[in-house]
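Novice: Mind having a look at this structure? Questions to follow.
The values are calculated or read from the model by the stated rules, or taken from the named source; none is laboratory data. Computed from a predicted structure; not experimentally measured. When we count neighbours, we look across all protein chains shown, and the Cβ atoms used for this are built from the backbone with ideal geometry, even at glycine. Note: accessible area is taken over every heavy atom of the protein model, side chains too, but ligands, DNA and RNA are not part of it. Shrake-Rupley method; radii C 1.70, N 1.55, O 1.52, S 1.80 Å.
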Amino acid sequence: MKTTLSYSNPAEVETECLAVVVVDRGEKDKPAPAVLGNQAIQSAASDLLTSGEVSGKIFETVMVHRPEGLKARRLLLVGGGKVKEFSSSELRKAAGTALRFLKPRKLRSLAFVLPEVASGTAAGVKAVVEGAYVGNFDPDTYKSDRKDQLIRELTVVAPAGADRGALDKALAEARVMGESQNFTRELVNEPGNRMTPTMLGERARKMVAEVNSPHLSIDVFGPEKIRELKMGAFWSVAQGSDEPAQLIVMRYSPPGAPEKPVLGLVGKGITFDSGGISIKPADGMEKMKYDMAGGAAMLGAIRAIGLLQPKIKVIGIVCATENMPSGKAQKPGDVQIAMTGKSIEIINTDAEGRLVLADGLAYARQLGATHLIDAATLTGAVVVALGGVNAGVFANNDDMYSRFEQAEHRAGEKMWRMPLDEDYRELIKSGIADIKNTGGRYGGAISAAMFLKEFVDDTPWIHLDIAGTAWTEENKSWIAVGPSGIAVRSIVEFVKSMAG
Ligand code: BES
Ligand code: MN
Ligand code: ZN
């Protein structure tokens, strides 16, 4: 998508479609909803706005042809909801809504009038462009008659008095963010037979080659290296599959970055999770192709980091394998020794994500990470707790958490903090080993996080359980059904803030 800025009067913009945000003012004496950004548009749509046909309700869409007094051929009114609740987060989704409304209507370009938001004009441009990229993505299918409905051109119409340098920068950054999030979504969308660990490794290599930065490098290791590093927890999952496991290691080390901090990004890359010997029920098992969404999020984040070049060292690790039953698969009752030397009793082979992450986190620390973030479709329990709205966040460090929370807000991604009290530790006590890999039915997302905590020690760490949010279950006005690309934007915002 070609994205540009314009500082023209919106009424003068010649375009297929001019999109504006309309809000509900919520005042008794001014019942008509208001267009944010321009008086001429308010007049062009005044009949409609006063007729009661448009309410400003969140993500409502109304299209007007040949709007009076405007050069645009069409005017699209997108509801922004109550004016008091309107922020860059609603704006991001409103932009996505506009694109998704236009796509099936054969329009290929639009101009979006930037409304004022409290976080500022640059944040507004960023939200519009990010939201547009998110909305423009529909997961590819293997249908022979699929159509290309992509929007080709987006113009953001900003106020003439804005700081143009700042908006150019915001636009460029947003483009990288949006493309990187969509790169993650492409990876997650692929079925297990078309995204094996080997193929994921190849895609990672290709991505790093395309970023083409002398400061970003990648190694993709196979089974020998995983065994050589004594990654007994990772290997215990990998041993059951005929597809060779891959350890993807990326290093971003820009000139001028301080020695510390070094941020370690670790992703769960289970390209298909059958459950292993503790096999999952057939019903819904096909969804487990998205069990590499955490790993894909880290690949998307590294892509954005390589392009945006923040001055901070970052290590990205994706532990990629299938989880399969076979004659070589691990069995419930087996005891495995993780890279750190800790012994693990396997109670359920379907609790495999925490096993691969245990060694991924330990390896990131060995490579020098001083701060850790992991992302994983880790537990069904987090879906029970938070549904498809919020991702679960766990943190062992309040300072790191509060910085991350601010990053989430800037990114417009919803996440909710979950507890990690030592009291939960007893859930993973084992009779035969140091710990066991499941903690029972109650508090399942927490016992999984407690398991990971065993492998990060005192390193400040954030764990994102994205099982409920990595896949959007139904079409929304601003995002298509399918892979969401959750966590990419928050992680990149966090990395930027750490770089100062
Ligand atoms: N990949 C699943 C978790 C999952 C569930 C992801 C639903 C996306 C949607 C994970 O590997 C798993 O199987 N977890 C088990 C753990 C249990 C055996 C302790 C679960 O949540 O049931
Ligand atoms: Mn599993
Ligand atoms: Zn899994």
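Novice: Starting from the 7 Å offset along Cα-to-Cβ, what nm value, one decimal, do you get for the label separation of residue 334 and residue 119?
Specialist: The two pseudo-label positions are separated by 4.5 nm.
Novice: What ranking, highest mean first, results for peptides 489-499, 127-137 when packing means the other Cβ atoms within 10 Å averaged over each residue?
Specialist: Result, highest mean Cβ count within 10 Å first: 127-137, 489-499.
Novice: Hey, what did segment 195-308 get for relative contact order, percent, Cα under 8 Å, at least 6 apart?
Specialist: The value is 30 percent.
Novice: Right, another one. Kindly report the accessible area of the chain per residue (heavy atoms of protein chains, probe 1.4 Å, no ligands, DNA or RNA), in Å².
Specialist: 41 Å²
Novice: Kindly state, to the nearest 0.05, the FRET efficiency for residue 206 paired with residue 421, given R0 = 30 Å and r defined as their beta-carbon distance.
Specialist: That pair, residue 206 with residue 421, gives E of 0.10.
Novice: Also, quick follow-up: Could you tell me what percent of the accessible area of segment 237-371 is made up of carbon and sulfur, with a 1.4 Å probe and every protein chain present?
Specialist: 52 percent
Novice: Once the dipole of the chain is set up with Lys and Arg at +1 and Asp and Glu at -1 on Cβ about the Cα centre, which of 321, 86, 355 lies farthest towards its positive end?
Specialist: It is 86, whose Cα lies furthest towards the positive end.
Novice: Given the peptides 254-265, 452-463, arrange them by the average over their residues of other C-beta atoms within 10 Å, most packed first.
Specialist: 452-463, 254-265
Novice: Next question. On a 0 to 90° scale, report how tilted helix 88-102 is relative to the longest principal axis of the chain, with both axes built from alpha carbons and the result rounded to the nearest 10.
Specialist: Once rounded, the angle reads 70 degrees.
Novice: Can you give the FRET efficiency to the nearest 0.05 for residue 53 and residue 282, using r as the Cβ-Cβ distance and R₀ = 56 Å?
Specialist: According to the calculation, E is roughly 0.70.
Novice: Subtract the Cα-Cα distance of residue 442 and residue 475 from 0.36 nm times their separation in residues, and report this length gain in nm to one decimal.
Specialist: Contour length minus the Cα-Cα distance gives 8.8 nm.
Novice: Same structure again: How do 66, 227, 403 stack up against each other in accessible area, from largest to smallest, with a 1.4 angstrom probe?
Specialist: Putting 66, 227, 403 in descending order of accessible area: 66, 227, 403.
Novice: Calculate how steeply helix 488-498 sits against the longest principal axis of the alpha-carbon atoms of the chain, using the helix alpha-carbon long axis, and give the answer as 0 to 90 degrees to the nearest 10.
Specialist: 80 degrees
Novice: Have a look at 199, 15, 131 and report the one farthest towards the positive end of the charge dipole of the chain, computed about the Cα centre with Cβ charges (Lys/Arg +1, Asp/Glu -1).
Specialist: 15
Novice: Please give the helix 164-189 orientation as an angle from the longest Cα principal axis of the chain, in degrees from 0 to 90, rounded to the nearest 10.
Specialist: 50 degrees
Novice: A further question on this structure: Using only helices, what value at 222 nm comes out for the chain when you add -39,500 (n - 2.57) per DSSP H run of length 4 or more and divide by the total residues, to the nearest 500 deg cm²/dmol?
Specialist: Theoretical 222 nm ellipticity from helices: -10500 deg cm²/dmol.
Novice: Could you work out the relative contact order of segment 261-326? I mean the mean sequence separation of Cα pairs under 8 Å and 6+ apart, divided by the number of residues, in percent.
Specialist: Result for segment 261-326 is 57 percent.
Novice: Within the set 71/103; 28/126; 126/287; 436/496; 2/103; 206/476, which residue pairs have Cα atoms separated by over 25 Å?
Specialist: 28/126; 126/287; 436/496; 206/476
Novice: With +1 on the Cβ of every Lys and Arg and -1 on the Cβ of every Asp and Glu, and nothing else charged, how large is the dipole of the chain about its Cα centre, in debye rounded to the nearest 20?
Specialist: The dipole magnitude comes to about 980 debye.
Novice: Restricting to Cα pairs below 8 Å that are 6+ residues apart, what does the relative contact order work out to for segment 1-119? Please round to a whole percent.
Specialist: Relative contact order here is 34 percent.
Novice: Here's something else I'd like to know. Rounded to the nearest 5, what is the percent of antiparallel bridges among the DSSP beta bridges in the chain?
Specialist: Close to 40 percent.
Novice: Which order, highest average first, do 268-278, 318-328, 32-42 follow once you tally other Cβ atoms within 10 Å for each residue and take the mean per peptide?
Specialist: Highest to lowest by the protection proxy: 268-278, 318-328, 32-42.
Novice: How much of the calculated P(r) for the chain lies past 29 Å, in percent of all Cα pairs?
Specialist: In whole percent, the share of Cα-Cα pairs in the chain beyond 29 Å is 50.
Novice: Using a 7 Å offset from the Cα along the Cα-to-Cβ direction at both residue 348 and residue 108, what is the distance between the two label points in nm, to one decimal?
Specialist: So the two model labels end up 5.1 nm from each other.
Novice: Compute the length gained on full extension between residue 141 and residue 497: take 0.36 nm times their separation in residues and subtract their Cα-Cα distance, giving the result in nm to one decimal.
Specialist: That works out to 124.5 nm of additional length.
Novice: So, one more: Specify the inter-centroid distance of segment 400-449 and segment 34-88, based on alpha-carbon positions, in whole Å.
Specialist: 44 Å
Novice: With point charges of +1 on the Cβ of Lys and Arg and -1 on the Cβ of Asp and Glu, referenced to the Cα centre of segment 1-88, which listed residue (75, 4, 39) lies farthest in the positive direction of the dipole?
Specialist: It is 4.
Novice: How far, in nm, would the chain grow between residue 43 and residue 224 when pulled straight, counting 0.36 nm per residue and subtracting the alpha carbon separation?
Specialist: 58.2 nm
Novice: So what are the ³J(HN,Hα) numbers for segment 133-149, from phi and the Karplus equation (6.51, -1.76, 1.60; θ = phi - 60°), rounded to whole Hz, Gly and Pro as x?
Specialist: So the J values, rounded to whole Hz, are 4, 4, x, 6, 8, 10, x, 5, 10, 9, 7, 5, 9, 5, 10, 8, 10.
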